[in-house]
Amino acid sequence: MRKHFFVIIVALLLTVTVCVAGCTSNNTSPTPSASATRSATFVPKNISGYRNYTNSSAGITIQYPPSWQHAEPGGGSYAPIAYFNVSGVDTSFTIVSESFSGQSMTLDGFSQGLITALQQNATNFTYTLSNTALAGYPAQKIAFTLVSGGITRQGIIELTLVNDTGYALTYEAAQDVYPTYVGIAQNMMQSFNITG
């Protein structure tokens, strides 16, 4: 049951992100997400021994360890594209996308919407925000801790906007488990590619 914690939260966050974007889009003149330019030197990380996951309809690929399970939850406009976890371990890795077509969404707006939603839906939420790259595109990274169900959880979200679509990759785990798998999660994020 605990492994599905963040799948539910991320779905909720994207719903709130759309609302936040609509409420704030008149305050500034944001650069449309379609202007994101991929680094000419980007090559997705190829991890020996990892399996390839491809979702043609979502236009993404990623690699994941063969010992991890994966599923495509489906069912609704805010469902994750893919979900990965270690059987019997309190950890998860999700990929979520959201279309912002017709909205004036920026990368800053996308990340701030997620932060606001987490602040409203979790207790003892703390975070740091930094710039990074995801699939060769400008991205932001949210490193966070929060408490859910009496358990302190730790995680990272890397997110980017490409052609009016937001992508959020999230790794989260119980705080005592987090260090064990964070290196794998970072490898997965570096292997992520947007093909569509």
Residue list for the range 31-55, filter: part of a loop (DSSP other than H, G, I, E, B), closer than 26 Å to V86 by Cβ and either modelled with pLDDT under 90 or more than 18 Å from the chain's Cα centre (by Cα) (or both)
N46, I47, S48, G49, Y50
Is there a residue being touching a Lys or Arg at 6+ places or on another chain (Cβ under 8 Å) and surrounded by fewer than 20 Cβ atoms within 10 Å (Cβ to Cβ) anywhere in the range 157-169?
no
Turns out the strands (runs of 3 or more DSSP E) fully within the range 97-196 with at least 1 residues that are within 22 Å of V43 (Cβ to Cβ), free of Cβ contacts under 8 Å to residues at least 60 places away in the same chain and of a type outside the set (D, E) are 123-134, 137-148, 151-162
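Here is a yes/no grid of residues against (1) out of contact with any helix residue (DSSP H, G or I) (no Cβ under 6 Å at 6 or more places or on another chain); (2) surrounded by 15 or more Cβ atoms within 10 Å (Cβ to Cβ); (3) under 24 Å from A174 (Cα atoms):
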| residue | (1), (2), (3) |
| --- | --- |
| I81 | yes, yes, yes |
| V86 | yes, yes, yes |
| V89 | yes, yes, yes |
| I95 | yes, yes, yes |
| S99 | yes, no, no |
| G102 | yes, no, no |
| L118 | yes, yes, yes |
| F125 | no, yes, yes |
Residue list for the range 83-96, restricted to those being hydroxyl-bearing (S, T, Y) and touching a residue at least 40 places away in the same chain (Cβ under 8 Å):
Y83, T91, S92, T94
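The values are calculated or read from the model by the stated rules, or taken from the named source; none is laboratory data. Here the structure is a predicted model, which is why all the values come from computation and not from measurement. Cβ atoms come from the backbone with ideal geometry, glycine included; neighbour counts cover every protein chain shown.
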